[in-house]
Structures are given as structure tokens and as C-alpha cells.
1. Do the conditions hold for residue 262, that is, is it closer than 22 Å to residue 244 by Cβ, at pLDDT 95 or above, in contact with a helix residue (DSSP H, G or I) (Cβ under 8 Å, 6 or more places away or on another chain) and surrounded by fewer than 18 Cβ atoms within 10 Å (Cβ to Cβ)?
2. Condition (residue is out of contact with any strand residue (DSSP E or B) (no Cβ under 6 Å at 6 or more places or on another chain), over 30 Å from residue 305 (Cα atoms) and assigned by TED's automatic domain parsing to the domain that holds residue 339) applied to the range 523-532: is it met by at least one residue?
3. Report yes if some residue within the range 282-290 is under 30 Å from residue 528 (Cβ atoms) and assigned to a loop (DSSP other than H, G, I, E, B); otherwise report no.
4. I need the helices (runs of 4 or more DSSP H) fully contained in the range 459-554, keeping only those with at least 3 residues that are at pLDDT 95 or above and more than 16 Å from the chain's Cα centre (by Cα).
5. For the condition crowded, with 23+ Cβ neighbours inside 10 Å and assigned by TED's automatic domain parsing to the domain that holds residue 332, what is the one hit in 561, 548?
6. Give the residue, chosen from 454, 450, that is in a helix (DSSP H, G or I) and outside the structural domain of residue 186 (by TED's automatic domain parsing).
7. Answer with yes or no whether residue 513 is farther than 26 Å from residue 608 by Cα, in the same structural domain as residue 323 (by TED's automatic domain parsing) and crowded, with 24+ Cβ neighbours inside 10 Å.
8. Can you list the helices (runs of 4 or more DSSP H) lying wholly within the range 120-226 that have 1 or more residues being touching a strand residue (DSSP E or B) at 6+ places or on another chain (Cβ under 6 Å) and in contact (Cβ under 8 Å) with a residue 24 or more places away in the chain?
């Protein structure tokens, strides 16, 4: 399982915890429906009480003049963030900026944004924290942390690397063309909003080219290997006619509710934008990438090889983990976790019928036909639907604070499967779209069943859905409601996987193997990411280590190139999960029989996303209050 991760841009590393990876979406989604089984009456009442308590506590933040001042500042901060990177807002369910593209990569715009951050920090520090209530202090502390984190990135020219094979604005907009992504296309207003973004895309493309040329002059370029992987994506955006261009797709599938006049007007507008503006701009980009940029790309792999690269990577690590851990510490932790998990493989292998060395277990499993039982996409979906029903009966024993938003189960459309992986998308902030777990089935006969339980726990519930959907229902300030950080977001989802053992879902050794195998990937990331960016590992060293450690080739290249494109991003998963596990163990040891797992989960979830240091302080306060 390789979840669709956060876009690690300067703004959306915080604002977009879940975002679409690059890919082209043309076909309508084959939507499965996951009807959530109702909670028992007692559990439902407890959930409603927990949600109401959290919401009431948040609204109380404006009870004092200092609290109102803070909320006004927080709102201005979020507005500045969303206008700087409107796509990140869209990805998090905030539809208010769907007609804007933003030009965050423009040097002058970027400089103004950092000036805003400094102003916000100055205004924040002028607010007397001591005069805030407890809930307002949480807002204060998170805002203070985020501003410091943002300003720490100012010295590093992120804008000179505006595209890669994982993430770019044109690919994000291409994903939206079907109308089934984060930006819906169901009304005339929504069609006009997407058209507005398309009108703004040529300016973005030309700015990206200018930035990359500047990067070539300064020695700040992508590794050649990942540019080779990215180039075909941008070439696929080209077309012989406007009507065959992916960005014209909305004009081919108007909703039946549109009048003939609306269809004619919008069709002509889309055709004009694509033909007169987009096609020439996309051609300029593809030509530049192939003829100018690719030959100038560097042969090294790590961020540390760029000017000021070691400091740049340290800032990335701090951003991704919300900790002060060094790359060396994280590397060592990764090695320890790899060894621990492989010890579990040694115990598990015989239960599966395997008697060889532990490191060979994944390869052996991948060669057994019994672990690949599917013939159709529908058979894969049926397993997830059944698992969804089982979880609806088990999760009320572990959670009282749950989201109201439903979780749908859908199949990734055919034309985007090659570039997508199983993932979750957040509900719309206005409730118009549920949370969605997307399963990606390129070939059902090659879709292994051993990892399905741990995948759904991570991407569905109680992983991303319980965290992200709930966060939109807690009456938080917008910068928190639509915000986040990678360590908490992915750390919670990875921790959620471990709950499968408590629910008896891993009593089946096949599913427990799948859980351990995915956990091994996350541990391996700690070693490889720090290896390349802080210890001068080459791409080939990383691929070799992943092949040796994971025992299979299927993800070694793509995962390595992902870490090359997004330095530090993959560290948040394991670091965040380890912290939550540590806090749970601390609470259990301190409280003994007083410990309540549902209450612990409520404490972790009830403030939405927190930097790990603030989460730890919150749990410690809860422990002290229970004694």
C-alpha cells in the first residue's frame, strides 16, 4: 500500500494532508456505495455527546477580547494561505476558492507571502496568551507553530522546483477534468470555476518555465531520473485537437440539468480556452522539459547535493515530522524498526507454510497463487464492502468520537490507475460529497489479498476518514479545519492499522502478514529517505536496499523516486505512529485500570491535527487529570 500522500509544497504541506497524485482522469468513476451500518444507541449517544463537547469548547474560544482577536487573526491567516495555494484548499474540501489557481511559485508573490507570515507572527505574539481560555490557547499554539515552520522554509528556493512526477498544478487540474475529483463539476457555477482555473493555467506554466530556467542557472534542478519519469505525463497533456484534450473533458459530459444554451455557451468557452491558450502553453512546457531542462538536470539523488541542501533537508525533516529529530536519529530508528518487523516475519512464516529465511517471506508470498484470488474488480470491491460492514460492528467499542460524514467505497477510473494508488479523499466541507476510499485495481488477478485489511484501516476507517472527516465537523477555525501536518495525519492512519490486532482482524496470519509487510515499507522509508538526502546514498543504493529489505521489486524504483521528489515527506508516517503508540503506552502505564481506550482516542482526535509536541502535551495533561 502506497497511500496518496500530502503535497509537500510550502503551504500545502500543512493545508493538504490528503491530495491527488499526478495522473490523468477521463472516465467516469465506477462508484460503489458503502452504506454505513448504524451505531448502537448507546454508542451513537456517546459519539454525539463527544462531538458536541468538542464543538462547544471550540466556540468558547471567542469569549474574551483576546480570544476574538486571535480568531480574527487566524481567519486572516487562513485566507492568506488559501489564496496563496487555492488548490490545496480545494483538496481539503473548501470550495470557496475553486475558481482560483494562485501563482505561489512567482518569486514576487512568494516574497509577499513571507512578509505576511512575519506580520501574522508579530500580531500573534502581541496577543496575551495568558488571557486566553484553554481552547484558544490550542489555536494560539498551533498558529505559532505553523508560522514558525513556514518562516523556516524561506531561505530555500522551493519555487525553483515547481513540478515532478508526483505532483504539479497541471496534473492536478487534469485530475479534476472528470468532475469526480476534489473539484466537482455538477453545476454551471462549478463549470465556470474550473474554466477560470484553466484560463489561469498558461500563466502558471510560463512562470514554472521561468523558475526552472533560473534553477538551471543556480544549480537547483531535479534529479534526471525523476524528470525522465515525469516527462511522459506532460507529453500526454498534448493533443491534436481541442476536443481530444483532457481539459476539454467537461464539455463532453454536461449534466442533463444544463440547458441547451448553457451547454452551447460553456462548450464554446472551453473550446476557446483549450485551443487558444492551453494547447500552446502545454506545448511550450513539454518542449522546454525535453529539450532544455532534462539535459540540465542533475545526476545526483539527494536534496543534500543542492546548494545549502543539508540545511534545506533539515528544514524538510522538521516540517514533515513536527519534531527536532535529526536525520541520523531517524535513520537509526528505521534500522531498528526494520529489524523488529523482520523478527516478526520469522515467527509468522511457518504459520503461512513458509520455512525459509525471514527476509524471503514477502517474495514467497508474492509467488503464491492462493494470495491472489481475484478475477474481477467487483470481487475486490466486495471484500472491502464486507470489511466495511465488519468495522461498523467493531469500531464502536474503540471510539465514541466519530465523524458524521459517511465513507463511500469507489473504484479508481481506468485511465488514472497507472499513476494512482489506493487512497482517500476528504468530504466536501459543505457536506455535498462524502469521504471516499478509492481502490486501484489495474489487474484484479494481480491484486493481492493479504494487505487489504491494513490498507482499509489506514485509508478508510478508523484511519484517514475518522481524522479528516471529523476535523471538518469540530467547529475549528478554518486554518485548522482545512489544515494539518504530515506527521499527525499519516501517523494517525498508520496507528489506526495497528488496531486491527485488537479487533481480531489480524488473527488470520495472511492479514497479519499484510500489516507487517506494509509496516516494513514505512520503516524502510526512514532508512532510505535519510540515506539519500543526508548520507549521500545514490538512487541505485536506495533501490538495492529496498529490494533487499522488502524482498520484492515492485515498489523499489517508484518509491525511491517518490522520496527523491518529496524529500522528508515519507518520514511522517512512522514517526507520527511511533509517537501515538508511545503516548498510549504512557497513558496505560500511568492510569492502569482507569485507562479507557475510547477516551484516549477521543483525546487524540478531538482537537484535529496537532504538531506532535502539542499532542504529547495534551495527552500528558489528560493523564494528570485522570489521577
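1. no
2. So far as the range 523-532 goes, no, none of its residues is out of contact with any strand residue (DSSP E or B) (no Cβ under 6 Å at 6 or more places or on another chain), over 30 Å from residue 305 (Cα atoms) and assigned by TED's automatic domain parsing to the domain that holds residue 339.
3. Looking for residues that are under 30 Å from residue 528 (Cβ atoms) and assigned to a loop (DSSP other than H, G, I, E, B), one finds none in the range 282-290, hence no.
4. 486-502, 509-534, 539-550
5. 561
6. Exactly one residue qualifies, and that residue is 454.
7. Yes.
8. none
The values are calculated or read from the model by the stated rules, or taken from the named source; none is laboratory data. The model shown is predicted, which means the values in this text are computed figures rather than measured ones. Ideal geometry is used to build each Cβ from the backbone, glycine not excepted, and the neighbour counts take in all protein chains shown.
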